[in-house]
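This report concerns only the one structure given below.
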Amino acid sequence: MRRFELIAPCHFGMEAVLKREILDLGYEITNVDNGKVTFEGDAEAIARANLFLRTTERILLKVAQFKATTFDELFENIKAIPWEEYIPKDGKFWVTKANSVSSKLFSPSDIQRIVKKAMVERMKKTYNCSWFEETGASYALRISIVKDVVTVGIDTTGESLHKRGYRKFTAPAPVTETLAAAMILLSPWRPDRVLVDPFCGSGTIPIEAAMIALDMAPGMNREFVAENWSNLVPKKHWYEAVEEAQERIRTDVDIHIQGYDISEEVLRMARANAELAGVDSYIHFQQRDVKNFSTPKKYGFVISNPPYGERLEEKEALPKLYREIGEAFAGLDSWSEYLITSYEDTERCIGKKADKKRKIYNGMLRTNLYQYIGPKPPKKKRPEA
């Protein structure tokens with residue numbers, strides 16, 4: 001069976017979480033770099049990775065890696081790739097994205113143009129034709145150049161994997177589904193412990209938590225561009241992956257997930273999104289201000305994305321808001337809190353230094369994940385024999 005090297009990009013700072021996910025799926029890691037994890041797999045792995053991985057943005061099929069400091073070198077190396085092994089004669093192919101970091105070749109538009117030209121030259125010779133109709137399946141290339149090393153990948157995903165298919169309604173400044181899942185998986189939260197998001201917005205963190213608790217595959221309700229690659233990924237692999245996903249869904253779990261927000265309109269969005277995701281019966285959404293948050297429950301988790309204050313009037317309100325967060329947390333002595341925010345005075349206003357702080361890029365915005373780690377619940381006594 002043909003083997004491939006696959007690249008899974010992720011948020012900077014969440015590589016370890018994605019690595020663990022890939023290993024849990026049963027695939028061998030070949031490299032971990034800033035913002036991406038590379039692993040080996042067959043055609044079935046392309047289907048399963050797209051369907052099951054929660055914390056990657058997409059799956060790229062790696063076709064080549066080489067050094068190039070001139071456009072001539074780029075052209076000749078691209079032309080030398082056996083494109084006929086990946087793209088059929090009627091395939092639609094283009095360079096959807098090119099980025100360059102610390103490299104002599106730095107113009108994205110020029111890189112895209114040269115790569116497309118080199119591909120056409122190779123395929124004209126291979127397929128013995130001078131014109132390509134490009135009416136078949138889509139093969140979108142992504143070119144990354146870092147320190148003059150060119151990595152060429154074909155996108156197997158299409159729309160980014162954070163598009164799960166359930167978030168039709170969004171509130172301002174949402175955290176992406178992939179980042180929400182990574183925050184949850186980074187924490188030691190388990191479905192038998194309470195999870196609360198006091199700034200739930202359109203419900204992304206509670207919904208992702210419910211999907212994790214139910215072992216519900218994030219890609220079950222969407223399509224992938226490689227589903228049409230009959231030359232590389234037989235249809236049976238997609239059917240088998242969906243069947244596996246359906247069989248893995250748990251219905252025997254008793255979970256306690258809550259989402260709060262001060263806006264009833266936003267909560268209506270959250271409830272609608274949860275219903276679309278099929279997890280609405282597992283989440284309790286409630287209109288509630290963080291300063292009124294208290295609970296008699298023990299050993300729970302707060303996992304949240306509180307306001308950053310991107311506008312000036314919001315920034316002025318942040319010290320008071322984060323002090324209220326700190327006051328609410330003070331009454332939760334057995335709880336753990338995980339907050340992702342770009343607000344630099346988070347620890348000072350909360351009144352407590354985080355046990356751990358992890359730098360994460362939410363898109364282009366640098367944020368920190370503040371981790372306040374609470375005690376573990378006492379072990380349950382085994383019944384005497």
Does any residue of segment 249-270 turn out to be at positive phi and not in a helix (DSSP H, G or I)? no
Can you pull out the residues in segment 331-384 that are closer than 20 Å to V17 by Cβ, among the aliphatic types (A, V, I, L, M) and within 23 Å of the chain's Cα centre (by Cα)? L339, I340, I360, L365, L369
Would you confirm, using the coordinates I've provided, whether F52 is farther than 14 Å from V152 by Cβ, among the hydrophobic types (A, V, I, L, M, F, W, C) and surrounded by 19 or more Cβ atoms within 10 Å (Cβ to Cβ)? yes
In this structure, is I22 hydrophobic (A, V, I, L, M, F, W, C), touching a residue at least 40 places away in the same chain (Cβ under 8 Å) and not in a strand (DSSP E or B)? no
Write out, first by first residue and then by second, each pair whose Cβ atoms fall under 7 Å of each other, whose residues are 6+ apart or on separate chains, and whose first residue, in segment 43-58, is assigned to a loop (DSSP other than H, G, I, E, B) while the second is crowded, with 21+ Cβ neighbours inside 10 Å and among the hydroxyl-bearing types (S, T, Y). R54/T178; T55/T178; T56/T178; E57/T178; R58/T157
Just for segment 292-320: of the residues that are of a type in the set (K, R) and within 19 Å of D261 (Cβ to Cβ), which one is modelled with the highest pLDDT? K320
Does segment 182-189 include one or more residues that are more than 18 Å from the chain's Cα centre (by Cα) and either touching a residue at least 12 places away in the same chain (Cβ under 8 Å) or surrounded by fewer than 23 Cβ atoms within 10 Å (Cβ to Cβ) (or both)? yes
Look through D192, D197, D215 and report the one residue that is free of Cβ contacts under 8 Å to residues at least 40 places away in the same chain and within 30 Å of Y282 (Cβ to Cβ). D215
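The values are calculated or read from the model by the stated rules, or taken from the named source; none is laboratory data. Fair warning: this is a prediction, and the values are worked out from it, not measured in the lab. For neighbour counting, all protein chains shown are included, and Cβ atoms are generated from backbone atoms with ideal geometry for every residue, glycine included.
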